[in-house]
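A short worksheet on the structure shown next.
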Amino acid sequence: MSDLTTRQQAVLDFVTRVIADHGAPPTLAEIATEFGFSQVRGAQKHLAALESKGHLTLIPGKARGIRLSDRGRSVANKSLHPDALSLPVLGRVAAGSPIGAAAEFEGSLLLDRAMFFPTPDYLLKVKGDSMRDDGIHDGDLIAVHRTDVAENGQIVVARVDGEITVKRLKLGKDRILLLPRNPDYAPIVVPPDADFAIEGLYCGLVRKA
């Protein structure tokens, strides 16, 4: 549930639309005109409330001194595009060798919900070509549905001893394999005593032109 009032949401949506259409935020006077405020103080009041809730930052002394936060951009996009997904991009996943499990937030993308199944929770950036034969290439963003269960043969994001990797899961009677899809790479055999967990299920990708 949004922490914004109806008017605050409308102001946030307006600021977002103006930035998208013109490349710069509106002035206080433009906001006042849009919403019928008799004075710019009405616009200032709503912007101050949005700033206090973490949706934007106000820059003193600037005529167009409004900077949307990632949170504000995500909330506005969900309001303006209810059928779209705003997905955070979390760090990088090595498709050639595992990397540290810590993932840094690198922004967000607004994407068509219909592109994915199941519905993803985040995007991870791939580095390497070990999943090449499944169409996953270096630099792709893979969409990941957060879950700790997967079926044999599915592509998963897995944690092995604190490291994260994306591979195809193979469940044997007495062992677990994480299979690359490039003959230049060897399968990862998960030791019985390893700290192993499924972090998520691959459900599509985004390739930037």
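The values are calculated or read from the model by the stated rules, or taken from the named source; none is laboratory data. Predicted model only: the values in this text are computed from it and were never measured. FYI the Cβ positions are ideal-geometry reconstructions off the backbone, even for glycines, and counts take in every protein chain you see.
Select, from V18, V75, the only residue that is over 30 Å from C203 (Cβ atoms), in a helix (DSSP H, G or I), within 25 Å of the chain's Cα centre (by Cα) and outside the structural domain of E106 (by TED's automatic domain parsing).
Among V18, V75, only V18 is over 30 Å from C203 (Cβ atoms), in a helix (DSSP H, G or I), within 25 Å of the chain's Cα centre (by Cα) and outside the structural domain of E106 (by TED's automatic domain parsing).
Out of the residues in segment 49-72 that are of a type outside the set (D, E, K, R), surrounded by 13 or more Cβ atoms within 10 Å (Cβ to Cβ) and assigned to a helix (DSSP H, G or I), which is nearest to the chain's Cα centre (by Cα)?
G72
For segment 21-37, which residues satisfy the criterion of being part of a helix (DSSP H, G or I) and of a type in the set (F, W, Y)?
The answer is F35, and nothing else.
Quick check, is Q44 surrounded by 15 or more Cβ atoms within 10 Å (Cβ to Cβ) and outside the structural domain of T119 (by TED's automatic domain parsing)?
Yes; evaluated as a whole, the condition is true for this residue.
Could you run through segment 135-179 and say how many residues are surrounded by fewer than 18 Cβ atoms within 10 Å (Cβ to Cβ), at pLDDT 90 or above and outside any strand (DSSP E or B)?
Qualifying residue count for the region: 11.
Here is a yes/no grid of residues against (1) farther than 26 Å from E199 by Cβ; (2) modelled with pLDDT under 90:
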site: S52; (1), (2): yes, no
site: P60; (1), (2): yes, no
site: R64; (1), (2): yes, no
site: S79; (1), (2): yes, yes
site: P82; (1), (2): yes, yes
site: A95; (1), (2): no, yes
site: G100; (1), (2): no, yes
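Within the bounds of segment 20-41, is there any residue that is touching a Gly at 6+ places or on another chain (Cβ under 6 Å), within 27 Å of D112 (Cβ to Cβ) and without any contact (Cβ under 8 Å) to a residue 60 or more places away in the chain?
no
Residue pairs, Cβ under 7 Å, 6 or more apart or interchain, first in segment 178-206 and without any contact (Cβ under 8 Å) to a residue 24 or more places away in the chain, second assigned to a loop (DSSP other than H, G, I, E, B) and not hydrophobic (A, V, I, L, M, F, W, C). List them.
Listed pairs, sorted by first residue: L178/P187; L179/P187; P187/P180; V189/R175.
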